[in-house]
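Every read-out reported here was derived from the displayed coordinates using simple, explicitly stated rules and does not represent laboratory data. Quick caveat: nothing in here was measured; it's all calculated off a predicted structure. Glycine gets a Cβ as well: all are built from the backbone with ideal geometry, and neighbour counts include every protein chain shown.
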Amino acid sequence: MTGIGRVLVILYAIMALGASGRSFVQIAEKFYEAPLAYTLSAASAVVYILATLALIFAGRPGWYLVAWVAIVFELVGVLAIGTLSIVMPDLFAHDTVWSYYGRGYVWIPLVLPVLGLWWLTTHKPAPVAASREQVAA
């Protein structure tokens with residue numbers, strides 16, 4: 001992986017670390033204050049970890065689909081949580097990674113899935129060669 005693909009993997013890895021660290025501290029220190037928000041931060045961390053791994057292994061069978069699912073889930077999550085945090089601010093009195101479309105992370109959570117989906121669309125893996133049994137048939 002080179003170019004923008006490598007940059008995407010690095011950005012996803014940074015987001016995975018940031019979201020993991022944030023959610024761990026939130027859950028360990030004050031989970032009782034905002035269980036929904038802090039659980040959503042942990043869920044976003046899992047999504048970023050999965051997306052990072054899926055982008056790294058996107059050329060292997062199955063991982064390309066996993067990357068698509070993780071990144072689409074991320075985009076839907078950012079849009080849903082971002083919108084809910086504006087429309088129903090009481091529900092998110094404590095910020096999550098995706099609150100206000102990722103405002104606390106310089107809106108990277110809003111831009112990253114768009115770039116990730118663009119990259120996946122323009123870098124489809126080559127089809128797997130037919131096995132000898134399929135060729136013989």
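Within the range 103-117, track down each residue that is of a type outside the set (Val, Ile, Thr), in a helix (DSSP H, G or I) and within 14 Å of the chain's Cα centre (by Cα). Before you say what the answer is, go through the steps one by one.
Going through the range 103-117, the residues of a type outside the set (Val, Ile, Thr) turn out to be 103-105, 107, 109-110, 112-113, 115-117.
Filter once more, keeping what is in a helix (DSSP H, G or I): 103-105, 109-110, 112-113, 115-117.
Of everything in the range 103-117, those that are of a type outside the set (Val, Ile, Thr), in a helix (DSSP H, G or I) and within 14 Å of the chain's Cα centre (by Cα) turn out to be TYR105, PRO109, LEU110, LEU112, PRO113, LEU115, GLY116, LEU117.
Which of the residues spanning the range 72-127 are over 26 Å from ALA34 (Cβ atoms) and either β-branched (Val, Ile, Thr) or touching a Ser or Thr at 6+ places or on another chain (Cβ under 9 Å) (or both)?
Keep residues of the range 72-127 that are over 26 Å from ALA34 (Cβ atoms), which gives 72, 114-127.
VAL72, VAL114, THR121, THR122, listed by residue number.
Taking SER44 as meeting all but one of (1) polar (S, T, N, Q); (2) in contact with a Lys or Arg (Cβ under 6 Å, 6 or more places away or on another chain); (3) within 16 Å of PRO113 (Cβ to Cβ), write down the number of the exception.
Unmet for SER44, out of (1) polar (S, T, N, Q); (2) in contact with a Lys or Arg (Cβ under 6 Å, 6 or more places away or on another chain); (3) within 16 Å of PRO113 (Cβ to Cβ): (2).
Within the range 1-102, considering only helices (runs of 4 or more DSSP H) that don't extend past its boundaries, which have at least 2 residues that are over 19 Å from the mean Cα position of the chain (by Cα) and among the polar types (S, T, N, Q)?
Working: elements: 4-30, 35-56, 63-87.
Where helices (runs of 4 or more DSSP H) fall fully within the range 1-102, none carries at least 2 residues being over 19 Å from the mean Cα position of the chain (by Cα) and among the polar types (S, T, N, Q).
Identify, from the list TYR38, TYR12, the residue that is touching a Ser or Thr at 6+ places or on another chain (Cβ under 7 Å) and either among the small types (Gly, Ala, Ser) or over 17 Å from ILE108 (Cα atoms) (or both).
Exactly one of TYR38, TYR12 is touching a Ser or Thr at 6+ places or on another chain (Cβ under 7 Å) and either among the small types (Gly, Ala, Ser) or over 17 Å from ILE108 (Cα atoms) (or both), namely TYR38.
For ASP95, work out the one condition from (1) buried (at least 16 other Cβ atoms within 10 Å of the Cβ); (2) closer than 19 Å to LEU117 by Cβ; (3) charged (D, E, K, R) it doesn't fulfil.
(2)
Of all residues in the range 5-46, count the ones that are surrounded by 14 or more Cβ atoms within 10 Å (Cβ to Cβ) and touching a residue at least 24 places away in the same chain (Cβ under 8 Å).
22
Determine whether THR52 is surrounded by 15 or more Cβ atoms within 10 Å (Cβ to Cβ), touching a residue at least 40 places away in the same chain (Cβ under 8 Å), of a type in the set (Ser, Thr, Tyr) and within 18 Å of PRO125 (Cβ to Cβ). Outline the logic, then answer.
On the way: surrounded by 15 or more Cβ atoms within 10 Å (Cβ to Cβ): yes; touching a residue at least 40 places away in the same chain (Cβ under 8 Å): yes; of a type in the set (Ser, Thr, Tyr): yes; within 18 Å of PRO125 (Cβ to Cβ): yes.
So THR52 fits the description; yes.
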